[in-house]
Amino acid sequence: MATCIKAKRFFTPDNSLRLLQLIIAIFLTSITFSWEDKGIKYSDLNSGDYDEGGTIVFFNFVAILSLIFLACVLTYCIIWSPKLISTRMDMLSSGSLSILMLIATVVLAHGISNLGKSVAVKEAGLHFGYLETAVVFGLILAMLLAVSVAFSLCHYRRRDHIMFRDSRSMTDLPDDIPT
């Protein structure tokens, strides 16, 4: 019975969104870490003729940071309560991660573009389809993190609006009522 209550409490819209974000972050990390084409891994792109591996490492760093944050939030939600952090902190952390993921995605796309123009890459015949897929999913993750900010903002405004409405509804009694 208690497990059913915890499961029902966990599947709120914002927690379901966090679960989707976690799945995408795991997918992003696995795509970029496992990329290999013709014996060349992403770590090999940081040296020699390629010299664009730093963009992939930065993207991996942001994806892993998002992965750790989302895993901690969801683990806490499953074990203890539906909310880990205050809405202000949630807005700040999700907003920061969204902006970082957007920047990392743009940097990765620029790095892939530079690699595509490289003579060494053309000679080696490397293909970056998986990394281009990571760019798309990086943008999706950045947008989903922005949606989390919107959820937190709506929750924050609704809480403040209820408190504000209650204080405004308290009016003075009319003078003609005998006491």
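Leu97 - would you say it is at pLDDT 80 or above, closer than 19 Å to Leu141 by Cβ and either in a helix (DSSP H, G or I) or among the polar types (S, T, N, Q) (or both)? Here the answer is yes, as Leu97 does meet what is asked.
List the residue pairs whose Cβ atoms are under 6 Å apart, where the first residue sits in region 116-135 and is closer than 20 Å to Val57 by Cα, the second is β-branched (Val, Ile, Thr), and the two are 6 or more positions apart or on different chains. Sorted first by the residue in region 116-135, then by its partner, the pairs are Phe128/Ile112; Tyr130/Ile31; Leu131/Ile112; Ala134/Ile31; Ala134/Thr32; Val135/Thr105. Selection within region 52-77: residues that are surrounded by 15 or more Cβ atoms within 10 Å (Cβ to Cβ) and modelled with pLDDT under 75. The member of this set that is farthest from Leu131 (Cα to Cα) is Cys77. Please verify whether region 97-118 includes one or more residues that are within 14 Å of Ile24 (Cβ to Cβ) and surrounded by fewer than 17 Cβ atoms within 10 Å (Cβ to Cβ). Scanning region 97-118, I find no residue that is within 14 Å of Ile24 (Cβ to Cβ) and surrounded by fewer than 17 Cβ atoms within 10 Å (Cβ to Cβ), so the answer is no.
The values are calculated or read from the model by the stated rules, or taken from the named source; none is laboratory data. Values in this document were obtained by computation on a predicted structure and should not be read as measured data. No Cβ is skipped: glycine too gets one built from the backbone with ideal geometry, and neighbour counts run over all protein chains shown.
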